[in-house]
Amino acid sequence: MKQKEPITLQEAITYFSDPQRAFDYAVRLRWPDGKVTCPRCNSEKNSFIKTRRMWFCYGCKKQFTLKVGTIFEDSALGLDKWMTATWMLVNCRNGVSSYEIARSLGITQKSAWFMLQRIRQALQDEQTGGKLGGPSGPVEIDETYIGGKARNMHKSKRQRLTREQGMQGGRGKTVVIAALERGGQVKARVIGDRKYPAVHGAVRDFVEPGSAIMTDEFTGYFGLESEYQRQFVNHLEKYVDGQVHVQGVENFWSLLKRSLGGTYVAVEPFHLFRYVDEQAFRFNNRKDALGHKIPDAMRFAEAMTRVAGHRLTYSQLTGKDESPRHETTGTGTEEVPF
Ligand SMILES: [Zn+2]
């Protein structure tokens, strides 16, 4: 008899601990129409080898598993572990640390860290869903500064980071810019600096031309008036037009900072964008179009449908082939190896 699909974390762990159930569930999410397609040649002609849970493709005459072409490819960890980790990451409001995943799944922190980074990559959706704004209402735009950890870095490492990644903002902080459609979706990006090209480039990528946008007085937004209907918040005036504010996007920043400060403690600038993507995913999947809260199981299913086509190797993640190292800080355990 088919077991009811999971609703809570506890049910999810039980449900996915059965390899066949985890497999069936993942197959349904990957090929919702039931047409199993070869990830290599897109042929739909194949036969299923039940004993090995893999397919033989008549198009390219090769075998493929469910993992081929997904973030799970090349991983020795079972689908049950991947699915449980995904469930935890997308449904914990402030994220979940690699240490907690390691404890829950009985794997090493290094493996857990790598899993989480792969899942975060699958959640990355800056490019999807079209631009914000247009007739759908005003878009709030704001920037924030994360960290300051770069100050504590060894000088040569800091210089290398600045040169290679170009992610250092003012005073050793990393700049993140976000656009939020009122009552809708957020798009966020780590930008190299606060100069016009980076700021204007992000706004153009995020928001339909001609839309109403609201920003603060930050000079980086100057000049956008020629492409957008820009209104800005004057923080010096107490009683401004009630409609002109960036409080929605400030709410996103507070969620992001809570997860970075509480769960992840210290994230290297190089990796920050993945945590921004993670928070944006949770934020964008918290409510449906009618404003109803999205259940955990739905948010999880949405995340699982994104895993196909996202491959990420360890060297791509870290920029080199090296084991992650971790250190402890005064306030907790550093999440991200570098
Ligand atoms: Zn094929």
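The values are calculated or read from the model by the stated rules, or taken from the named source; none is laboratory data. Predicted model, so just to flag it, every value in this text is computed and none were measured. Note that we place each Cβ from the backbone using ideal geometry, even for glycine, and neighbour counts take in every protein chain shown.
Looking at the stretch 252-269, can you tell me whether even one residue there is of a type in the set (Asp, Glu) and more than 20 Å from residue 122 (Cα to Cα)?
No, the stretch 252-269 contains no residue that is of a type in the set (Asp, Glu) and more than 20 Å from residue 122 (Cα to Cα).
Answer yes or no: is there a residue in the stretch 110-127 that is out of contact with any His (no Cβ under 6 Å at 6 or more places or on another chain), of a type outside the set (A, V, I, L, M), surrounded by fewer than 20 Cβ atoms within 10 Å (Cβ to Cβ) and closer than 25 Å to residue 20 by Cβ.
yes
Which of (1) within 16 Å of the ligand (Cβ to nearest atom); (2) within 25 Å of the chain's Cα centre (by Cα) does residue 48 not meet, given it meets every other one?
All conditions pass for residue 48, except number (2).
State whether one or more residues within the stretch 20-38 are of a type in the set (Gly, Ala, Ser), more than 16 Å from the ligand (Cβ to nearest atom) and at negative phi.
Yes, some residue in the stretch 20-38 is of a type in the set (Gly, Ala, Ser), more than 16 Å from the ligand (Cβ to nearest atom) and at negative phi.
For every residue, the table says whether it meets (1) free of Cβ contacts under 8 Å to residues at least 40 places away in the same chain; (2) more than 16 Å from the ligand (Cβ to nearest atom); (3) more than 20 Å from residue 124 (Cβ to Cβ).
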{"position": "60", "(1), (2), (3)": "yes, no, yes"}
{"position": "64", "(1), (2), (3)": "yes, no, yes"}
{"position": "67", "(1), (2), (3)": "yes, no, no"}
{"position": "72", "(1), (2), (3)": "no, yes, no"}
{"position": "97", "(1), (2), (3)": "no, yes, no"}
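Mind telling me which of the residues 146, 141, 119 ends up being touching a Lys or Arg at 6+ places or on another chain (Cβ under 7 Å) and not hydroxyl-bearing (Ser, Thr, Tyr)?
146
Let's see how each residue does on (1) in the same structural domain as residue 173 (by TED's automatic domain parsing); (2) assigned to a helix (DSSP H, G or I):
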residue	(1), (2)
245	yes, no
248	yes, yes
251	yes, yes
257	yes, yes
262	yes, yes
272	no, yes
275	no, yes
278	no, yes
289	no, no
